[in-house]
Amino acid sequence: MKIMVLILLSMSLTACATSFKPDYSLIRNYSFDLQKEEPFKAPYYSKFNKNGKELFYIAADHTSDRNSKTFKIISKAFNDFRPDFVIVEGIKSGEVSRGFIKHVKKCFKDDNRRCGEPSFVSFNALNKKIPFEGGEPSDMQVIESAKLNGLAGEDVAYFYLLRISIQWKRQNKISDLNAKEMLSNFIPVIKKRFNNTVNISYDGFKVWYSEKSGNNYNIKQLKNNDVAPISNGSFFQQVNHKIGITRERNLLSRVANALNNHKKVLIVYGGGHFVKSKLVLEKMLGKATLVNNSL
């Protein structure tokens, strides 16, 4: 009987020792000054070890270039680190949709198709039969949180249109010639994601963009930093900052959950996320044992 009690106590202590919980109070607001704390210009990677659990965090440079350093580091992680669970940016937490899986498989059948690094991460996980999920909160979580921070639902929905515009520009998919068609086709997707609680249109988007920026909507003028999550930046940057609070908390909760249930976790997110969450990760896992940007 005493032996059984000792065994159960030992198991309980082990479970406690390997239970990870993020301290959200340590999440920092993103700024260009904070970005200067990055050890390298993205892409780079950090490795954490604690109690037999390992986290490999790739701070990516968002790209769809298959010859990029980001893609090469991702390949290195799958081949050398050999994760048993993966967290991907840009898709919701939980079970990955069949539609996304179909999109990923289609993406990499065509050598000329430009697909971003989240699709490449997912493609590798699927090929190697490694379970994966997204690190994103649900759209309704985002919109409800945004409303608490003084934003209208339409602000979030139109911000999504702006963000996808910049992503498509990066992937050479959109121009001033086809912007109306592409965004108009995407609007029903956004409405569905927000349970038809927002009233938006392409013309309304252009008016919103002009009112909030003081400029006319022009694909050629869009830049990645237009939507950087900066708390004291432009209106668009402030929207992403407010959305980013919810995103970061959800992401860290998924990291903790993954570490509690798996031994080797790979996460691929933009470099800005890493510096925002670095203190949280260090409190959970200790200092990174490896920080590098080499192949």
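The values are calculated or read from the model by the stated rules, or taken from the named source; none is laboratory data. Only a predicted model underlies this, so the values are computations on that prediction, with no experimental measurement involved. Counting neighbours? That spans all protein chains shown, and the Cβs are built from the backbone with ideal geometry, glycine included. Protein only, heavy atoms only, side chains kept; ligands, DNA and RNA dropped before computing areas. Shrake-Rupley method; radii C 1.70, N 1.55, O 1.52, S 1.80 Å.
Quick one: if the Förster radius is 25 Å, what FRET efficiency do Asn232 and Arg163 give, using the C-beta to C-beta distance and rounding to 0.05?
After rounding to 0.05, the efficiency reads 0.80.
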Q) What whole-number value in cubic angstrom gives the convex hull volume per residue for the C-alpha atoms of the stretch 21-97? A) 160 Å³
Q | Bridge type composition, the chain - antiparallel percent by DSSP, nearest 5 | A | 40 percent
Q) Could you give the length gained on full extension between Lys76 and Met182, defined as 0.36 nm per residue of separation minus the Cα-Cα distance, in nm? A) 34.7 nm
Q) Which shape class applies to the chain: rounded if a/c is under 1.5, otherwise prolate when a/b exceeds b/c and oblate if not, where a ≥ b ≥ c are the square roots of the Cα gyration tensor eigenvalues? A) prolate
Q) So between Asn261 and Lys109, what do we pick up on full extension, going 0.36 nm a residue minus the alpha carbon distance? A) 51.5 nm
Q) Using a basic spin-label model with each label point 7 Å from the Cα along Cα→Cβ, how many nm lie between Asp203 and Leu279? A) 4.8 nm
(Q) Given the whole protein assembly as supplied and a 1.4 Å probe, what does the accessible area of Arg28 come to in Å², nearest 10? (A) 60 Å²
Q | Along the chain, longest interval not containing exposed GluC sites (Glu not before Pro), exposed being DSSP loop plus at most 16 other Cβ atoms within 10 Å | A | 96-295
Q. With the other protein chains left in place, how much accessible area per residue, in square angstrom, belongs to the chain at a 1.4 angstrom probe?
A. 51 Å²
Q. Could you work out the helix-only [θ] at 222 nm for the chain, with each DSSP H run of four or more residues adding -39,500 (n - 2.57) and the total divided by the number of residues, to the nearest 500 deg cm²/dmol?
A. -16000 deg cm²/dmol
(Q) Can you tell me, using C-alpha contacts under 8 Å and at least 6 residues apart, the relative contact order of the chain as a whole percent? (A) 37 percent
Q | Within the accessible area of the chain (1.4 Å probe), percent carbon and sulfur | A | 50 percent
